[in-house]
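Undergrad: I have a structure here, written as structure tokens, and I will follow up with some questions on it.
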Amino acid sequence: RPQRPCITTARERAASTAMIRTDVLVVGAGFSGATAARLVAEAGFRVHVIDRRAHVGGNAWDTVDASGIRIHPYGPHLFHTDAERIVAFLSRFTGWTPYEHRVLASVDGILVPVPINRTTINRLYGLDLDEAGVAAFLERVREHRDPEATSEDVVLNRVGRDLCDRLFRGYTRKQWGLDLSALAPSVARRIPVRTGDDDRYFTDRHQALPSEGYARMFERMLDHPGISVATGCEFDACRGEIAYRHLVYTGPIDRYFGGCHGPLPYRSLSFEFEHLEGVRWYQPVGTVNYPNEHAYTRITEFKHLVRQEHPGTTIVREYPQAAGDPYYPIPRAENEALYQRYRALADGLPDVTFVGRLAQYRYYNMDQATGAAMTAASRVIATLSGRSPPGPAESDRG
Ligand code: FAD
Ligand code: UDP
């Protein structure tokens with residue numbers, strides 16, 4: 001069994017007043033920070049990683065609840081990617097348990113597949129269309145939008161108003177506190193529309209969960225003689241105790257600059273976990289979405305994801321909210337403009353690299369955060385080695 005990395009906690013550190021000297025300080029131990037830390041350490045530099053939370057792994061961290069079921073405390077995390085280099089990198093630290101996510105939406109008392117597919121159309125409208133029939137149906141109901149300037153345009157252009165209102169508008173209002181028409185097209189483009197029977201949420205070649213969990217994968221990633229880790233360590237509180245040559249920052253970019261241009265909006269969630277004793281299965285698939293009912297957007301049942309045998313089951317309901325930990329950048333033009341003002345400040349700091357979902361204000365999936373951090377790490381290594389870094393960082397966005 002491999003060694004656990006040396007992780008010091010806030011209490012252990014309080015006993016010591018020694019100054020930490022490192023080549024690179026990484027703020028944040030999520031996918032972005034851990035990936036960058038590992039690659040920079042493997043290039044021969046000393047790396048110190050801090051995270052304000054009591055654990056590593058960022059929002060992907062997992063643990064086991066009181067009943068013994070593996071849960072994702074920051075919401076369900078399904079790993080999926082087409083990028084072989086990212087699979088190859090992460091596979092050094094974990095094996096994989098294949099898992100293809102399936103989602104149903106509860107609409108007018110029935111459950112229908114999301115993304116919309118042939119079954120969705122046939123069930124919602126009491127039809128028995130074949131694939132060509134579904135294509136013709138969508139062609140008839142869609143509202144042409146060119147260009148697609150907002151998420152509303154994307155959905156109307158693909159499936160028309162009725163499906164938009166029954167499956168997308170209410171969910172989006174809950175999730176973002178905004179109408180579809182106020183969000184960038186990229187948000188709705190995350191969800192495809194299909195005319196056939198494929199009911200998988202993702203179609204990527206690689207879809208799996210780390211076989212011993214995300215937390216274990218992160219511990220292995222950070223287990224390197226060149227890496228030290230401190231949890232329970234807030235950057236502003238610790239920075240005076242750490243001497244470094246280069247900073248990799250994966251927290252919210254506006255907070256780094258003290259919010260000098262005003263707060264960049266991030267969307268948060270609160271999670272309601274419930275263990276149901278003696279209930280073998282709560283729902284037929286991993287996630288059921290509730291576009292029009294309830295204050296929560298979706299319920300996920302973890303046993304589907306982690307393939308555990310257990311006489312009971314654990315579910316989580318997600319309640320979107322404005323306040324709280326920053327989880328999602330909110331993709332819309334005015335937020336992008338504000339982000340660019342912070343980005344301009346960041347560009348003036350050659351000794352600081354901003355990378356990740358919060359620092360780049362990008363709606364990254366885990367694989368995209370990993371990819372962005374791999375590229376960022378190459379730049380940091382080049383800079384520290386006195387070579388000119390490759391290409392501009394902004395072109396690395398996923
Ligand atoms: P984070 O994971 O947010 O890590 C940043 C870390 O920095 C945090 O641990 C934070 O505590 C720390 N930090 C911030 N500021 C400071 C500071 N000042 N001092 C010290 N530490 C600090 N992606 C998928 O691919 N598939 C999914 O199914 C999926 N599901 C998701 C579900 C939910 C509910 C959410 C919110 C996200 C989901 N994601 C999913 C996205 C995934 O969580 C991100 O892509 C990934 O976590 C980004 O990693 P990161 O390192 O950039 O950021
Ligand atoms: N969405 C929706 N209805 C659904 C599923 C998704 O309206 O049943 C919209 C909603 O705006 C959501 C976005 O599509 O925020 C992206 O969905 P995804 O499942 O990718 O969100 P995430 O898992 O990142 O929260």
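The values are calculated or read from the model by the stated rules, or taken from the named source; none is laboratory data. Not measured: the values here are computed from a predicted model. Cβ atoms come from the backbone with ideal geometry, glycine included; neighbour counts cover every protein chain shown. What goes into the accessible areas is simple: the full protein's heavy atoms, side chains included, and nothing from ligands, DNA or RNA. Shrake-Rupley method; radii C 1.70, N 1.55, O 1.52, S 1.80 Å.
Undergrad: When the chain is treated as a GNM, springs tying every alpha-carbon pair under 10 Å, which of 54, 66, 37 comes out with the largest mean-square fluctuation?
TA: Of the options given, 66 has the highest mean-square fluctuation.
Undergrad: Tell me the angle of helix 31-42 to the major Cα principal axis of the chain, expressed in degrees between 0 and 90 and rounded to the nearest ten.
TA: 40 degrees
Undergrad: Ok, one more. What do you get for the angle between helix 131-141 and the principal long axis of the chain? Use alpha-carbon atoms, 0 to 90 degrees, nearest ten.
TA: 90 degrees
Undergrad: Order 190, 118, most accessible first, counting only protein heavy atoms with a 1.4 angstrom probe.
TA: From most exposed to least exposed: 190, 118.
Undergrad: Counting Lys +1, Arg +1, Asp -1, Glu -1, what net charge surrounds residue 264 among other residues with beta carbon under 15 Å of its beta carbon? Please report the intermediate quantities before stating the final value.
TA: Values: positive: 255, 267, 332, 341, 343, 357, 362; negative: 254, 325, 334, 336.
Computed value for this residue: +3.
Undergrad: Which of 39, 183, 349 ends up with the largest GNM mean-square fluctuation for the chain, with Cα atoms connected below 10 Å?
TA: Checking each option, the largest mean-square fluctuation is seen for 349.
Undergrad: Of 364, 99, 125, which is the most mobile in a GNM of the chain whose springs link Cα atoms less than 10 angstrom apart?
TA: Taking springs between Cα atoms under 10 Å, the residue moving most is 125.
Undergrad: May I pose another question? For segment 275-290 and segment 348-379, what is the separation of their Cα centres, given in Å?
TA: 35 Å
Undergrad: Can I ask one more? Go ahead and run the numbers for FRET between residue 283 and residue 243, Cβ-Cβ distance against an R0 of 41 Å, rounding to 0.05. Display every interim value, and only then the final one.
TA: On the way: r = 52 Å, r/R0 = 1.27.
So the FRET efficiency works out to roughly 0.20.
Undergrad: Put one equal scatterer on each alpha carbon of the chain, apply the Debye formula with no solvent term, and list log10 I(q)/I(0) at q = 0.06, 0.12, 0.14 1/Å to two decimals.
TA: Taking Cα atoms of the chain as identical point scatterers yields -0.26, -1.01, -1.32.
Undergrad: Further, regarding this structure: For residue 200 and residue 323, compute 0.36 nm times the residue count separating them, minus their Cα-Cα distance, and round to one decimal in nm.
TA: Difference between extended and current length: 41.1 nm.
Undergrad: Ranked by accessible surface with a 1.4 Å probe, highest first, in what order do 303, 174 come?
TA: On the way: 303 5, 174 35 Å².
So, going from the largest accessible area down, we get 174, 303.
Undergrad: Take the Cβ-Cβ distance between residue 139 and residue 295 as r, set R0 to 51 Å, and report the resulting FRET efficiency rounded to the nearest 0.05.
TA: With a Förster radius of 51 Å, E is 0.90.
Undergrad: Another one. With label points built 7 Å along Cα→Cβ from the Cα atoms of residue 308 and residue 385, find their separation and express it in nm.
TA: In this crude label model, residue 308 to residue 385 measures out at 4.3 nm.
Undergrad: Using 0.36 nm per residue, how much length does the chain from residue 260 to residue 272 gain when fully extended, once their Cα-Cα distance is taken away?
TA: Numbers: separation 12, 0.36 × 12 = 4.32 nm, distance 3.42 nm.
Result: 0.9 nm gained on full extension.
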